[in-house]
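Below: the structure, in structure tokens.
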Amino acid sequence: MQTSNYINGKWVSGDRNIPDVNPSDTREVIAEFSQADEAQVEEAISAASAAQPIWAGSGLEQRYNVLMSIGTALMDRSTELGELLCREEGKTLPEGKGEVYRAGQFFTYYAAEVLRQMGDICDSVRPGVEVQVARESVGVIGVITPWNFPTALPSWKIAPAIAYGNAVVWKPANLTPASAVALMEIIADQDLPGGLVNMVMGAGRSVGEAIITSKGIHAITFTGSLATGRRIAEAAAVNLTKVQMEMGSKNPLVVLDDADLDTAVSCAVNGAFGSTGQKCTASSRIIVTKGIHDQFVEAMRKSMEKLVVGHALDEKTNIGPVVDAGQLEQNLHYLEVGKQEGAELVCGGEQLELGSPGYYMNPALFINGNNAMQINTDEIFGPLTCVLKAEGYEEALAMANDTEFGLTSSVITRSLSKAEHFKKHSKTGCVMINLPTSGTDYHVPFGGRKNSSYGSREQGQYAAEFYTQVKTVYVKA
Ligand code: NAD
């Protein structure tokens, strides 16, 4: 594929190509994808800037139709595009298909939101004057996305951006270009002004930097690592660009003595190892009170024995490969760090040689760790988790909150009062009760606290805060 950038309504090539390699079978190159250069980013921003007022002035029905059509196409094609996603990212088939279907739901949800845009009217404090408060579009939105949800994540940003009348310049991650092109193709098929949604592929240090430092970008929405987030906040401060960011986490799953053991184990295994642990909502610390600790560890070990690691497209596979060689190396590094720090490896952690050459590893479970260990402070982003023993509920809660991050947390308990207390005192943006730390809905806000998030919330009606700006009008008739 030579023409994988979409600029001003046209597919164009870039200055060089990069291969898209299947992590389940590194002999397979899915396709070659071209990299845009900085001049092409400028072209995309100018095109977006020209298209945006046309789109903002189009009728709401037009916007509704476009968003519904994109959403329906994604849902209709979730099997085909889900398989493509699995091939380049390593998710299992149900995860890949589910992600594409979910991406469609973001568009159909925001199609409905298009028709729900309302303002406020009130009397002025001055007699005979009326005050109107309305939301207007922001302009050109820079959308920068990671590889771990290559279809759903850009969808939950692009759908509200265009629903509220904005234009988009999107930079997807280089590890998952095929899913990005597939989504862009569906958007490009719609009745949109040329240049309204642009996609530029490339590295963060070139294409990404060109977006975040441009004065033509009015708002930046980013999801990715904390280090990149800090750089983006810095660049946004220079131009005073509106910015919203979702970053890493170290999500705690708290299991209390009175927990239902099966629920606790299934939440832990699902939350820690779903999507090969490559989720910002993964349960990377499992904090278990001492009365149930040993029983829980044994039940979790048994449950992990049944997990099948394999080729993403094999129906028997529960855990696909990690995304690339760099991520595998990082996981194996943290495995050694955990051992050196004195945590005990109960099972897993081996790199696996399977039928095809890929980045496979057995999910790993550490115990006897403490919250200060690097394996419990750093976001690892792989199938590794650690059980931490707590004396009781109060200590478990304190440990759960003792982290620089704050995206999601979960408590497994039969006690209503403990669940209520946890809900109020957990310092995360999303709290789950008797559910895994991962797995969120598409119609309600999503985001974290502390170093996990910056700026206003994504998703649901709360997204309007970022994708619109408020205008207050005073009218004297
Ligand atoms: P990353 O920060 O390396 O890259 C994310 C995106 O930023 C990529 O498109 C990358 O090219 C771009 N980028 C890198 N440097 C840039 C720069 N200087 N300027 C502009 N853009 C730049 O993250 P990743 O490895 O792709 O993704 C994994 C991370 O994403 C994890 O930390 C994970 O927790 C996080 N994540 C968070 C959420 C959430 O909602 N909180 C969801 C998914 C992933």
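None of the figures in this text is laboratory data; all of them are computed from the coordinates on show. Note that the coordinates shown come from a computational prediction; the quantities given were computed from them, not determined experimentally. Quick reminder, even Gly has a Cβ in these numbers, built from the backbone with ideal geometry, and neighbours come from all protein chains shown.
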Original post:
Along the principal axes of its C-alpha atoms, what lengths does the chain span, in descending order and rounded to whole Å?
Top reply: 73, 62, 40
Original post:
For all pairs of alpha-carbon atoms in the stretch 267-362, what percent lies in each bin of width 10 Å, listed from the first bin to the last filled one?
Top reply: 14, 46, 34, 6, 0
**OP:** Give the share of C-alpha pairs in each 5 angstrom bin for the stretch 1-105, from 0 to the last occupied bin, in whole percents, shortest bins first.
**Re:** 2, 12, 13, 13, 18, 19, 14, 6, 2, 0
Original post:
In the stretch 201-247, which trypsin sites (Lys or Arg not before Pro) fall in coil by DSSP and have 11 or fewer other Cβ atoms within 10 Å?
Top reply: Lys215
Original post:
Could you give P(r) for the stretch 192-297, binned at 10 Å from zero, as whole percent values over all Cα-Cα pairs?
Top reply: 13, 30, 21, 18, 14, 5, 0
**OP:** Please give, to one decimal in nm, the separation of the simple spin-label points placed at Gln461 and Ala325, each 7 Å out from Cα toward the Cβ.
**Re:** 5.1 nm
Original post:
Can you pull the Kirkwood radius for the stretch 251-433, inverse mean 1/r over Cα pairs, to one decimal in Å?
Top reply: 16.3 Å
Original post:
the stretch 252-360: which trypsin sites (Lys or Arg not before Pro) are DSSP loop and have at most 12 other beta-carbon atoms within 10 angstrom?
Top reply: Lys306, Lys316
**OP:** Enumerate by residue number the trypsin sites (Lys or Arg not before Pro) in the stretch 67-136 meeting two conditions: DSSP loop (anything except H, G, I, E, B), and at most 11 other Cβ atoms within 10 Å of the site's Cβ.
**Re:** Arg116
Original post:
Taking N as the number of residues in the stretch 330-477, what is its alpha-carbon radius of gyration divided by 2.2 N^0.38 Å?
Top reply: 1.38
